[in-house]
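Q: Below you'll find the structure I mean.
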Amino acid sequence: MNTYGTHFRVTTYGESHGLAVGAIIDGCPSGLHIDFEAIDRDLARRRNGAPRQEEDRVEWISGIKDGTTLGTPIAFSIRNNNVKSEDYDALQHAFRPGQADYTYHTKYGLRDHRGGGRASARETVARVVAGALAKQLLTSISIVAEVDALGPDLENDTRGGIVRCRITGLPAGVGEPLFGKLNAHLAAAMMSIPSAIGFEMGAGFAAALMPGSQYIDRWNQTIKHSNNQPITQTNHCGGIQGGISNGMPVEFRVAFHPVATLPQPVECLTEEGTLTCIDVGGRHDRCHVLRAPVVVEAMAAITLADLML
């Protein structure tokens, strides 16, 4: 599955060291005047501090005329210019621990070992572009993600962390009961991001240890939203009840495991089934969580655009 969404559909393509990465967006309404500078700002947030610095210049191929969407499929491409594929020669027949090398090889019988191929976080550059465009459809909705916690910073090691996201301005009534729940859609979107390992809404796992009398979000009778929507005294549910938004801010957190490519030699499994110690080359983040918030925002925006269309 390389496509996400039903009404606002995003299909990404490309590998880390291929010619380009990009996406096709189908279902974007016509008449949207695109703020290209806003898209470039989100790309800069994703690129900030990356060991591999790409220009990330978007080539718009179809679906846009004079800066306005036509309602037809939008295609764009982003060239990979700053690649050093030779750094990965030692991994052509070896699987790194904690990576998708082995599972991709098992499923497809072959893989692109250069930079992780399609499993690389390089793919998220296409999501950021699509998400930045989706944000422009959600004119009254604010989506803000930020780093909430980081793992220990140890020498010659990597670390993970947690990103918190808050969505405001979302009206009550978004989402469907049972299998179409808004929180289920958000969970699926966030867990599709490389290195995502956990998702929680509102109070999250802490809610499991609360008594019910403390957990329930009691109504506030004296304060209402500007649209006369009722609000609650707390927001332990994260703005979603029964899978449907209740008008309160939608709040969730996404946990990311540490970067699996370590800045030190590691034992890799060869295709012949033996272990060999390899000093994995390439340019890798020691902490990718610092660049993850804009990807979280992008997937949240794509999810909401899909549901609200």
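Q: Could you point to the residue in LEU309, GLY18, ALA189 farthest towards the positive end of the chain's charge dipole, with +1 and -1 charges on the Cβ of Lys/Arg and Asp/Glu respectively?
A: About the Cα centre, the residue reaching furthest to the positive side is LEU309.
Q: Would you work out if the chain is rounded, prolate or oblate? Take a ≥ b ≥ c from the square roots of the eigenvalues of the alpha-carbon gyration tensor; rounded if a/c is under 1.5, else prolate when a/b is larger than b/c, oblate otherwise.
A: It comes out oblate by the Cα gyration axes.
Q: Further question: Which number gives the lysine pairs in the chain that have C-alpha atoms under 28 Å apart and are eight or more places apart or on different chains?
A: Lysine pairs, 8 or more places apart or on different chains, close enough: 5.
Q: Let me ask something else. Per DSSP H run of at least 4 residues, take -39500 (n - 2.57); add these up for the chain, divide by its residues and hand me the 222 nm value, nearest 500 deg cm²/dmol. Before the final figure, lay out the partial values.
A: Values: 6 runs with 64 residues, N = 309.
Here the helix-only value at 222 nm equals -6000 deg cm²/dmol.
Q: Separate question: Helix 36-47 sits at what angle to the longest principal axis of the chain, using alpha carbons and giving 0 to 90 degrees rounded to 10?
A: The angle comes out at about 60 degrees.
Q: Pick out, in residue order, every one of the GluC sites (Glu not before Pro) in region 266-309 that is DSSP loop and has at most 11 other C-beta atoms within 10 Å; say none if there are none.
A: Loop-located and lightly packed - GLU271, GLU272.
Q: So if I take the centroid of the Cα atoms in region 241-309 and the same for region 147-212, what is the distance between those two points in Å?
A: Measuring centre to centre over Cα atoms gives 12 Å.
Q: What dipole magnitude, in Debye to the nearest 20, does the chain give about its Cα centre under +1 on Lys/Arg Cβ and -1 on Asp/Glu Cβ?
A: Its charge dipole is roughly 700 debye.
Rule-based calculations on the coordinates, nothing more; no lab input. Note that the structure is a prediction, hence the values are computed from the model and not measured. Cβ coordinates were reconstructed from backbone atoms using ideal geometry, including for glycine residues, and neighbour counts include every protein chain displayed.
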